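Peer 1: Questions regarding the structure given below will be posed in turn.
The values are calculated or read from the model by the stated rules, or taken from the named source; none is laboratory data. Predicted, not measured: the structure shown is a model, and the values here were computed from it. Note: ideal-geometry Cβ built from the backbone for every residue, glycine included; neighbour counts use all protein chains shown. Side chains included, ligands, DNA and RNA excluded: accessible areas come from the protein's heavy atoms. Shrake-Rupley method; radii C 1.70, N 1.55, O 1.52, S 1.80 Å.
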Amino acid sequence: MTIESILPIPDIFSAKKVLCIQPHYDDNDIAAGGTIAQLAQNGAEIFYLTVTDDLAGVVDRSLSAEAATVSLVRDQQAAGKIIGVKQHIALNYPDAGEYRYFDLRANLLKYIRLLQPDFVLTCDPWLTYEAHHDHLQTGRATAEAILFTGLLNIPSSDPAVDAAYTEHSIEGVGFYYCREPNQIVDITSTWDTKVAAIRSYATQIPPDDADQIVMALQFKSAQICEGKDFQLGEPFKVLNPRALHCGL
Ligand SMILES: [Zn+2]
């Protein structure tokens, strides 16, 4: 017997409604755009929730915060159309700035209870040597919000959402940028879609940098496919939500 026979690893492609929670505007697409595009093509509803305002990485420092935000949102809408995102939600915490973990967790609880996804994707907060606070905070708060979704004694940021919430099941969570992947998704067919989406983020990724990112991603995406019967993949640690506590 294995632990997987008791808590089976969920199938990402069984998902009908996917909430992709990212620290910055481009993380979902850089890490998981090929997988998410396939989910959208399969008919799943895709929601993107971005935790920060993403202003730290804006290349043109002469832009005001307002103008930079307009530009960032335009990039994200363009990328979202390419990938097949149904709706974007922005929490607008300060990028690389100070904000409270429990405040973020309450907001994530709100949107998980409101949207009732059956699958959640986010960044792995346990990635070795991950230094970016937004990534650590986003991954941890998302994991804990998933664990507490059905526990209404733990309030979200919106009492009306909590009052209306009826219990639903989250089948799985997939961590990208992960330390110990247990699933490599074949993205050979959606690689070009992913690259086109990444190139949409021109406000924070100039064309030369985009070339370098794409080359590095292509190398890593091919490297993790060694021994597999496909060429390009995205790694995930996919867990049953009940495995998010006490080492199960
Ligand atoms: Zn990021």
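Peer 1: For the chain, what's the relative contact order in percent, using C-alpha pairs closer than 8 Å and at least 6 residues apart?
Peer 2: Across the chain, relative contact order equals 27 percent.
Peer 1: Here is a further query. With a cut-off of 12 Å, note down the residues of region 198-230 whose backbone N falls inside the zone around a label point 7 Å from the Cα of residue 78 toward its beta carbon.
Peer 2: Residues 198-207 fall inside that zone.
Peer 1: Please compute the volume of the convex hull spanned by the alpha-carbon atoms of region 142-248 and report it per residue in Å³.
Peer 2: 163 Å³
Peer 1: Report the accessible area of residue 5, computed with a 1.4 Å probe over the heavy atoms of all protein chains in place, in Å² rounded to the nearest 10.
Peer 2: Rounded to the nearest 10, that gives 70 Å².
Peer 1: Would you mind telling me the share, in percent, of accessible area of region 50-159 contributed by carbon and sulfur at probe 1.4 angstrom?
Peer 2: Ligands and nucleic acids excluded, carbon and sulfur give 55 percent.
Peer 1: Take the alpha-carbon centre of region 6-29, take the same for region 115-148, and report the distance between them in whole Å.
Peer 2: Value for the Cα centre distance between the two parts: 11 Å.
Peer 1: If eta is 1.306 mPa s and T is 10 °C, what Stokes-Einstein diffusion coefficient results for region 184-243, Kirkwood Rh from Cα pairs, in µm²/s?
Peer 2: 124 µm²/s
Peer 1: Shifting gears a bit: What ³J(HN,Hα) values, in whole Hz, does the Karplus curve 6.51 cos²θ - 1.76 cosθ + 1.60 give for region 43-57 when θ = phi - 60°, with x put for Gly and Pro?
Peer 2: x, 6, 7, 10, 10, 10, 10, 10, 6, 9, 7, 6, 7, 5, x
Peer 1: Pop out the ³J(HN,Hα) list for region 70-84 in order, Karplus 6.51 cos²θ - 1.76 cosθ + 1.60 with θ = phi - 60°, rounded to Hz; leave Gly and Pro as x.
Peer 2: Once θ is set to phi - 60°, the couplings for region 70-84 become 4, 5, 4, 5, 4, 4, 5, 5, 5, 5, x, 5, 5, 6, x Hz.
Peer 1: So what is the 222 nm mean residue ellipticity for the chain from helices alone, if each DSSP H run of at least 4 adds -39500 (n - 2.57) and you divide by all residues, rounding to the nearest 500 deg cm²/dmol?
Peer 2: Counting only the DSSP helices, I get -12500 deg cm²/dmol.
Peer 1: So for region 78-216, averaging the separation of alpha carbon pairs under 8 Å that are six or more residues apart and normalising by length, what relative contact order in percent results?
Peer 2: Relative contact order here is 33 percent.
Peer 1: Quick one: how many Å² of residue 201 are accessible to a 1.4 Å probe, rounded to 10?
Peer 2: For residue 201, solvent-accessible area is about 0 Å².
Peer 1: Let me ask something else. Whole-Hz Karplus ³J(HN,Hα) for region 170-177, in order, using 6.51 cos²θ - 1.76 cosθ + 1.60 and θ = phi - 60°, x for Gly and Pro?
Peer 2: 8, 6, x, 10, x, 8, 9, 6
Peer 1: Starting from the Kirkwood radius over alpha-carbon pairs of the chain, derive D by Stokes-Einstein at 37 °C in a medium of 0.692 mPa s and give it in µm² s⁻¹.
Peer 2: Value of D from the Cα-based Kirkwood radius: 178 µm²/s.
Peer 1: Ordering 6, 112, 224, 170 by accessible area with a probe of 1.4 Å, largest first, what comes out?
Peer 2: So, going from the largest accessible area down, we get 6, 224, 170, 112.
Peer 1: From a point 7 Å beyond the Cα of residue 42 in the direction of its Cβ, which residues of region 221-242 have a backbone N at a distance under 19 Å?
Peer 2: The answer is 229-241, whose backbone nitrogens lie closer than 19 Å to the label point.
Peer 1: If you don't mind, there's one more thing I want to ask. In Å², what does the accessible area per residue of the chain work out to with a 1.4 Å probe?
Peer 2: Result: 48 Å² per residue.
Peer 1: Can I ask one more? Given a 1.4 Å probe and heavy atoms of the protein chains only, how would you sort 25, 101, largest accessible area at the top?
Peer 2: 101, 25
Peer 1: Given the protein chains as shown and a 1.4 Å probe, how many square angstrom of residue 171 are accessible, to the nearest 10?
Peer 2: Roughly 90 Å² of residue 171 is accessible to a 1.4 Å probe.
Peer 1: Using a 1.4 angstrom probe on heavy atoms only, work out the carbon and sulfur share of the accessible area of region 162-206 in %.
Peer 2: After summing per-atom areas, the C and S share lands at 46 percent.
Peer 1: While we're on this one: Could you list which residues have their amide H under 5 Å from that of residue 238, counting only those 5 or more apart in sequence or on another chain, with H placed in the peptide plane?
Peer 2: Under 5 Å from the amide H of residue 238 lie the amide H atoms of 175, 182, 183, each far enough along the sequence or on another chain.
Peer 1: Could you give the length gained on full extension between residue 66 and residue 168, defined as 0.36 nm per residue of separation minus the Cα-Cα distance, in nm?
Peer 2: Result: 32.9 nm gained on full extension.
Peer 1: Need the C-alpha centroid separation for region 180-228 versus region 158-175, integer Å.
Peer 2: The distance from the Cα centre of region 180-228 to that of region 158-175 comes to 31 Å.
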